[in-house]
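Everything below concerns the one structure shown next.
The values are calculated or read from the model by the stated rules, or taken from the named source; none is laboratory data. Just so it is clear, the model here is predicted, and its values are computed rather than measured. Virtual Cβ from ideal backbone geometry, glycine too; neighbours counted across all protein chains shown. Calculation scope for accessible area: heavy atoms of the full protein, side chains included, ligands and nucleic acids excluded. Shrake-Rupley method; radii C 1.70, N 1.55, O 1.52, S 1.80 Å.
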Amino acid sequence: MLHAAVRLVLAPLARLVYRPMIEGRGNVPRKGAVILAANHLSFIDSVVIPLVAPRPVAFLAKAEYFRGRGVKGWLLKRFFTAIDAVPVERGTHRAAQASLEAALEVLAGGGAFGIYPEGTRSRDGRLYRGRTGVAWLALTSGAPVVPVAVLGTDRIQPVGTRVPRIRRVTVRFGEPLHFPQPTDGTRAAQARREATDEIMDAIHVLSGQPRATGYNDLPAAA
(Lines give C-alpha, C1' and ligand atoms only; values in the text may rest on other atoms or scores of the structure.)
Protein backbone atom coordinates (compact mmCIF):
# COMPACT_ATOMS: atom_id res chain seq x y z
CA MET A 1 0.00 0.00 0.00
CA LEU A 2 2.74 2.45 1.01
CA HIS A 3 4.88 1.45 -1.96
CA ALA A 4 2.00 2.06 -4.36
CA ALA A 5 1.34 5.46 -2.78
CA VAL A 6 4.99 6.48 -3.15
CA ARG A 7 5.04 5.52 -6.83
CA LEU A 8 1.70 7.23 -7.50
CA VAL A 9 2.78 10.45 -5.82
CA LEU A 10 6.57 10.72 -6.06
CA ALA A 11 7.06 9.33 -9.56
CA PRO A 12 4.82 11.93 -11.30
CA LEU A 13 6.21 14.68 -9.05
CA ALA A 14 9.80 13.71 -9.86
CA ARG A 15 9.02 13.69 -13.58
CA LEU A 16 7.41 17.12 -13.31
CA VAL A 17 10.30 18.68 -11.38
CA TYR A 18 13.34 16.92 -12.89
CA ARG A 19 11.94 16.11 -16.36
CA PRO A 20 14.00 12.90 -16.67
CA MET A 21 14.89 11.48 -20.06
CA ILE A 22 14.03 7.77 -19.90
CA GLU A 23 15.29 5.49 -22.66
CA GLY A 24 14.82 1.76 -23.18
CA ARG A 25 12.23 1.32 -20.43
CA GLY A 26 10.74 -1.54 -22.42
CA ASN A 27 13.97 -3.51 -21.99
CA VAL A 28 13.07 -4.22 -18.36
CA PRO A 29 11.02 -7.46 -18.12
CA ARG A 30 7.68 -6.74 -16.45
CA LYS A 31 7.65 -10.05 -14.60
CA GLY A 32 10.14 -12.49 -13.15
CA ALA A 33 13.55 -12.13 -11.56
CA VAL A 34 15.82 -9.52 -13.12
CA ILE A 35 18.99 -7.70 -12.08
CA LEU A 36 19.43 -4.02 -12.90
CA ALA A 37 23.17 -3.28 -12.95
CA ALA A 38 23.89 0.45 -12.98
CA ASN A 39 26.70 2.93 -12.85
CA HIS A 40 26.80 4.95 -9.64
CA LEU A 41 27.27 8.71 -9.42
CA SER A 42 25.14 9.78 -6.45
CA PHE A 43 23.26 8.54 -3.40
CA ILE A 44 20.08 9.56 -5.18
CA ASP A 45 20.60 6.90 -7.91
CA SER A 46 18.85 4.39 -5.65
CA VAL A 47 15.79 6.66 -5.61
CA VAL A 48 15.79 7.68 -9.27
CA ILE A 49 15.98 4.18 -10.76
CA PRO A 50 13.02 2.73 -8.79
CA LEU A 51 10.92 5.80 -9.61
CA VAL A 52 11.46 5.59 -13.39
CA ALA A 53 11.59 1.79 -13.81
CA PRO A 54 8.40 0.07 -15.01
CA ARG A 55 8.30 -2.14 -11.90
CA PRO A 56 9.47 -2.04 -8.26
CA VAL A 57 13.25 -2.37 -7.89
CA ALA A 58 14.90 -3.29 -4.58
CA PHE A 59 18.27 -1.80 -3.67
CA LEU A 60 20.45 -2.41 -0.63
CA ALA A 61 20.45 0.38 1.96
CA LYS A 62 22.48 0.90 5.11
CA ALA A 63 20.77 -0.63 8.12
CA GLU A 64 21.20 2.68 9.95
CA TYR A 65 18.51 4.20 7.74
CA PHE A 66 16.01 1.84 9.35
CA ARG A 67 17.09 2.47 12.94
CA GLY A 68 16.91 6.26 13.22
CA ARG A 69 15.05 7.98 16.02
CA GLY A 70 12.60 10.83 16.10
CA VAL A 71 10.60 12.20 13.21
CA LYS A 72 13.54 12.13 10.79
CA GLY A 73 14.32 8.53 11.65
CA TRP A 74 10.69 7.53 11.22
CA LEU A 75 10.45 9.29 7.85
CA LEU A 76 13.67 7.67 6.57
CA LYS A 77 12.53 4.23 7.64
CA ARG A 78 9.13 4.65 6.01
CA PHE A 79 10.63 6.05 2.81
CA PHE A 80 13.22 3.31 2.34
CA THR A 81 10.64 0.67 3.18
CA ALA A 82 8.29 2.17 0.58
CA ILE A 83 10.89 1.95 -2.20
CA ASP A 84 11.64 -1.70 -1.33
CA ALA A 85 15.12 -0.99 0.04
CA VAL A 86 16.75 -3.99 1.74
CA PRO A 87 18.54 -3.14 5.01
CA VAL A 88 22.07 -4.54 5.34
CA GLU A 89 25.03 -4.06 7.64
CA ARG A 90 28.21 -2.78 6.00
CA GLY A 91 31.94 -3.08 6.47
CA THR A 92 32.88 -6.76 6.78
CA HIS A 93 33.32 -9.75 4.48
CA ARG A 94 30.37 -11.43 6.18
CA ALA A 95 28.29 -8.31 5.56
CA ALA A 96 29.17 -8.44 1.85
CA GLN A 97 28.08 -12.06 1.62
CA ALA A 98 24.89 -11.28 3.57
CA SER A 99 24.14 -8.53 1.03
CA LEU A 100 24.38 -11.01 -1.85
CA GLU A 101 22.20 -13.48 0.01
CA ALA A 102 19.58 -10.78 0.61
CA ALA A 103 19.66 -9.94 -3.10
CA LEU A 104 19.26 -13.62 -3.94
CA GLU A 105 16.12 -13.75 -1.81
CA VAL A 106 14.60 -10.88 -3.81
CA LEU A 107 15.39 -12.67 -7.07
CA ALA A 108 14.13 -16.02 -5.77
CA GLY A 109 10.80 -14.30 -5.13
CA GLY A 110 10.63 -13.13 -8.75
CA GLY A 111 11.59 -9.55 -7.93
CA ALA A 112 13.85 -6.96 -9.54
CA PHE A 113 17.09 -6.15 -7.77
CA GLY A 114 19.34 -3.15 -8.42
CA ILE A 115 23.09 -3.31 -7.91
CA TYR A 116 26.13 -1.12 -8.54
CA PRO A 117 28.98 -3.34 -9.77
CA GLU A 118 31.50 -0.55 -9.07
CA GLY A 119 30.73 -0.98 -5.37
CA THR A 120 30.59 2.69 -4.46
CA ARG A 121 29.96 6.07 -6.07
CA SER A 122 32.41 7.43 -8.62
CA ARG A 123 33.82 10.73 -7.39
CA ASP A 124 35.51 11.67 -10.66
CA GLY A 125 32.83 10.60 -13.14
CA ARG A 126 34.81 7.66 -14.52
CA LEU A 127 33.36 4.16 -14.82
CA TYR A 128 35.40 1.81 -12.66
CA ARG A 129 36.03 -1.91 -13.00
CA GLY A 130 33.10 -4.03 -11.83
CA ARG A 131 33.25 -6.38 -8.89
CA THR A 132 32.05 -9.91 -9.57
CA GLY A 133 29.14 -10.00 -7.09
CA VAL A 134 26.76 -9.01 -9.88
CA ALA A 135 27.88 -11.99 -11.97
CA TRP A 136 27.59 -14.32 -8.97
CA LEU A 137 23.98 -13.21 -8.60
CA ALA A 138 23.24 -13.68 -12.30
CA LEU A 139 24.88 -17.10 -12.54
CA THR A 140 23.42 -18.35 -9.27
CA SER A 141 19.86 -17.12 -9.87
CA GLY A 142 19.72 -17.46 -13.65
CA ALA A 143 18.18 -13.98 -13.80
CA PRO A 144 18.90 -11.74 -16.80
CA VAL A 145 20.91 -8.57 -16.26
CA VAL A 146 19.65 -5.25 -17.60
CA PRO A 147 22.52 -2.72 -17.83
CA VAL A 148 21.51 0.77 -16.70
CA ALA A 149 23.17 4.15 -17.16
CA VAL A 150 22.20 7.07 -14.94
CA LEU A 151 23.48 10.49 -16.00
CA GLY A 152 23.16 13.82 -14.22
CA THR A 153 22.43 12.63 -10.69
CA ASP A 154 25.86 13.83 -9.58
CA ARG A 155 24.62 17.35 -10.32
CA ILE A 156 21.43 16.84 -8.31
CA GLN A 157 23.24 15.73 -5.18
CA PRO A 158 27.02 16.05 -5.47
CA VAL A 159 29.10 14.10 -2.98
CA GLY A 160 29.05 15.91 0.37
CA THR A 161 25.78 17.82 -0.15
CA ARG A 162 22.51 17.08 1.63
CA VAL A 163 19.92 19.19 -0.18
CA PRO A 164 19.07 17.96 -3.71
CA ARG A 165 19.25 20.50 -6.54
CA ILE A 166 16.98 20.64 -9.57
CA ARG A 167 18.90 19.24 -12.56
CA ARG A 168 17.72 17.14 -15.47
CA VAL A 169 18.72 13.47 -15.44
CA THR A 170 18.85 10.71 -18.02
CA VAL A 171 18.24 7.03 -17.34
CA ARG A 172 18.99 4.46 -20.05
CA PHE A 173 17.98 0.80 -19.79
CA GLY A 174 19.91 -1.53 -22.08
CA GLU A 175 18.90 -4.86 -23.55
CA PRO A 176 18.92 -7.81 -21.13
CA LEU A 177 22.08 -9.90 -20.92
CA HIS A 178 21.90 -13.64 -20.20
CA PHE A 179 24.65 -15.69 -18.57
CA PRO A 180 24.27 -19.48 -18.52
CA GLN A 181 25.93 -21.38 -15.68
CA PRO A 182 29.28 -22.81 -16.89
CA THR A 183 29.22 -26.58 -17.23
CA ASP A 184 32.79 -26.83 -15.97
CA GLY A 185 32.82 -25.89 -12.29
CA THR A 186 36.53 -25.12 -12.39
CA ARG A 187 35.77 -22.13 -14.64
CA ALA A 188 33.38 -20.52 -12.18
CA ALA A 189 35.71 -17.66 -11.22
CA GLN A 190 36.62 -16.98 -14.84
CA ALA A 191 32.95 -17.04 -15.83
CA ARG A 192 32.13 -14.46 -13.14
CA ARG A 193 34.94 -12.20 -14.30
CA GLU A 194 33.94 -12.45 -17.97
CA ALA A 195 30.26 -11.83 -17.21
CA THR A 196 31.10 -8.82 -15.04
CA ASP A 197 33.30 -7.33 -17.75
CA GLU A 198 30.52 -7.80 -20.31
CA ILE A 199 28.06 -6.03 -18.01
CA MET A 200 30.47 -3.11 -17.47
CA ASP A 201 31.07 -2.84 -21.22
CA ALA A 202 27.30 -2.57 -21.75
CA ILE A 203 27.01 0.12 -19.05
CA HIS A 204 29.89 2.01 -20.68
CA VAL A 205 28.14 2.00 -24.07
CA LEU A 206 25.00 3.43 -22.44
CA SER A 207 26.72 6.02 -20.23
CA GLY A 208 29.63 7.13 -22.40
CA GLN A 209 31.74 7.58 -19.27
CA PRO A 210 35.52 7.42 -19.53
CA ARG A 211 36.83 4.10 -18.21
CA ALA A 212 39.10 3.61 -15.22
CA THR A 213 41.45 0.62 -15.34
CA GLY A 214 41.12 -0.32 -11.68
CA TYR A 215 38.55 -0.66 -8.91
CA ASN A 216 36.92 2.25 -7.11
CA ASP A 217 38.45 1.83 -3.66
CA LEU A 218 37.67 5.33 -2.39
CA PRO A 219 34.79 5.41 0.12
CA ALA A 220 32.01 7.74 -1.02
CA ALA A 221 31.04 10.46 1.43
CA ALA A 222 27.59 10.21 2.96
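Taking θ as phi - 60° and the Karplus parameters 6.51, -1.76 and 1.60, the scalar couplings of segment 137-145 work out to 4, 5, 6, 6, 8, x, 6, x, 10 Hz in sequence order, x denoting glycine and proline. Note on HIS178 and ARG126: with the Förster distance fixed at 35 Å, the Cβ-Cβ geometry gives a FRET efficiency of about 0.80. Of the listed residues LEU107, LEU206, the order by accessible area with a 1.4 Å probe, largest first, is LEU206, LEU107. Under 5 Å between amide hydrogens, built in the peptide plane, is the criterion, and for ALA61 it picks out VAL86, VAL88 among residues at least 5 positions away or on other chains. Label separation (GLU101 vs ARG19): 4.8 nm, computed from points 7 Å beyond Cα along the C-beta direction.
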